[in-house]
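Asker: Shown below is the structure under consideration.
Rule-based calculations on the coordinates, nothing more; no lab input. Here the structure is a predicted model, which is why all the values come from computation and not from measurement. Positions of Cβ are generated from backbone atoms using ideal geometry, with glycine treated the same way; all protein chains shown enter the neighbour counts.
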Amino acid sequence: MTTDPRCAEAHGPKARAPGPFSGCEHGCRLRVTFASGHPVEGELQIFGGHRMLIIRDPAAPMGHRVEGPLRRADVTRVEILQSREEVRAEQRAQRFGKLVFTWEPKTREDYRAQLEGIARAIADIPRDGDFHRRLELEAQFAHLAGRIALGLAKRAWVLAEAAWYRAHNSPPSMADLWGSDLASPSCFRRPREEDFDPDPAVRNRPVPVPTWALQDPRSIRNMLAALQEAGLSARIHRLGDPPHAHGGILVKMPVSGRAQFALIGRRNGAGVMDWTHAWDVLDTPTGARRLGAVRRCAAYHRMLKVLQVGRAALQLDFATMLERL
């Protein structure tokens, strides 16, 4: 005797009814009614399969309290008040406040104009002014800069330049904005026009290195290569504006403790790179003993020789003619 599969299907177990939280996603805003008849409103958060409700409560220590884990048996009704995207849009509106620009930027000129405009609005707020408005403007600036992946060092330049123009008409130098004519490239750097382009392929395109920087054996890039080829531990320490004409290289000596020299190079009016070196250790008896030990080691004399001649053999291939700035 055989059983009709259709009969087995008809008498099989019934499909499980959807729960009260079906259709609810992480981050949406809900109104939950408990079995006791008490309703609460909050943002749904799901952690490890457990549902929590984040409820705004001014009396709570952080302004919010947590209800949960929420169990099916404890809930009689769930109503979705806002989707996750609607909640995020509301949070963005609260974080940004009144927008400085309401039109959408499309070109590199648009992005630059908006970033500089928001930076000027930030600079116009006095130090003891509206702190919350400053936070809103800084959030607008960071959001717009993030859309074109503008680096933090270049964002710092745009903000400092906006503050400079509040009291000056002439374009600023790095020393005007940073307080020194050399700065760490990861902290402060002038942005290029391409950095504001909405197309990442344009922003990331390698920039040709000046011909003189490739041909001069004592240019910053060739001096760094020469020091490293001589077996010394060297790295770019500071760069000026423009970066190829003025910069500093840090050279560590093979001596126990802090033992390093700061090499500063600057291109003079005749187009020649002048280099100086200074012992970059505190002037203490310990530092003096280390300096004496360094002057007796071979690495110190190799550094002095490289400073005189630079990079003897220049390798002008395609890789050295391009550099990512």
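Asker: For the stretch 101-201, what does the equivalent ellipsoid look like in terms of its semi-axes, each the square root of 5 times an eigenvalue of the Cα gyration tensor, given largest first in whole Å?
Answerer: 20, 19, 12
Asker: Additional query: Given the options G49, G27, G151, state which has the largest fluctuation in a GNM of the chain using a 10 Å cut-off (strictly under) for Cα springs.
Answerer: Maximum fluctuation in the GNM of the chain, among the listed residues, is at G49.
Asker: Check V281: other-chain or 5+ apart residues with amide H under 5 Å from its amide H, H built from backbone geometry?
Answerer: Long-range HN contacts for V281: none found.
Asker: Still on this structure: Express in % the proportion of alpha carbon pairs of the stretch 29-90 at distances exceeding 13 Å.
Answerer: 64
Asker: Given just the C-alpha atoms of the stretch 234-292, how large is their convex hull per residue in cubic angstrom?
Answerer: It comes to 91 Å³ per residue, whole-number rounded.
Asker: Given labels modelled 7 Å from the Cα in the Cβ direction, how far is it in nm from E86 to S173?
Answerer: Placing both labels 7 Å along Cα→Cβ, they lie 5.8 nm apart.
Asker: OK, next. Would you mind pulling out the separation of the Cα centroids of the stretch 252-291 and the stretch 28-47, in Å?
Answerer: First find each Cα centre; the distance between them is then 65 Å.
Asker: Shifting gears a bit: Ranked by Cβ crowding within 10 angstrom, fewest neighbours first, how are D195, D280 ordered?
Answerer: D280, D195
Asker: Counting other beta carbons within 10 Å of each residue's own, what order do R127, R133 fall into, fewest first?
Answerer: R127, R133
Asker: Here's another thing I want to ask about it. Taking a quarter of the surface of the Cα convex hull of the stretch 143-205, what do you get in nm²?
Answerer: Its Cα hull, projected and averaged over all orientations, spans 4.7 nm².
Asker: Mind checking which aspartates and glutamates have their Cα closer than 14 Å to the Cα of K305? Skip sequence neighbours fewer than 8 apart in that chain.
Answerer: E229
Asker: Hey, rough spin-label estimate for L135 and A73, points 7 angstrom out along Cα→Cβ, what's it come to in nanometres?
Answerer: 4.3
Asker: For the stretch 149-166, in order, what is each residue's ³J(HN,Hα) by Karplus, 6.51 cos²θ - 1.76 cosθ + 1.60 with θ = phi - 60°, in whole Hz (x at glycine and Pro)?
Answerer: 6, 6, x, 5, 5, 7, 5, 4, 5, 4, 5, 5, 5, 5, 5, 4, 6, 5
Asker: Moving on to the next point. Dividing the convex hull volume of the alpha carbon atoms of the stretch 56-95 by its residue count, what do you get in Å³ per residue?
Answerer: Taking only Cα atoms, the stretch 56-95 has a hull volume of 109 Å³ per residue.
Asker: Which value, in debye to the nearest 20, describes the size of the charge dipole of the chain about its Cα centre when Lys and Arg Cβ atoms bear +1, Asp and Glu Cβ atoms bear -1, and nothing else is charged?
Answerer: Using only the charged Cβ atoms, the result is roughly 1120 debye.
Asker: So what are the three principal axis dimensions of the chain from its Cα atoms, in whole Å, longest to shortest?
Answerer: Answer, in whole Å and largest first: 96, 67, 47 Å.
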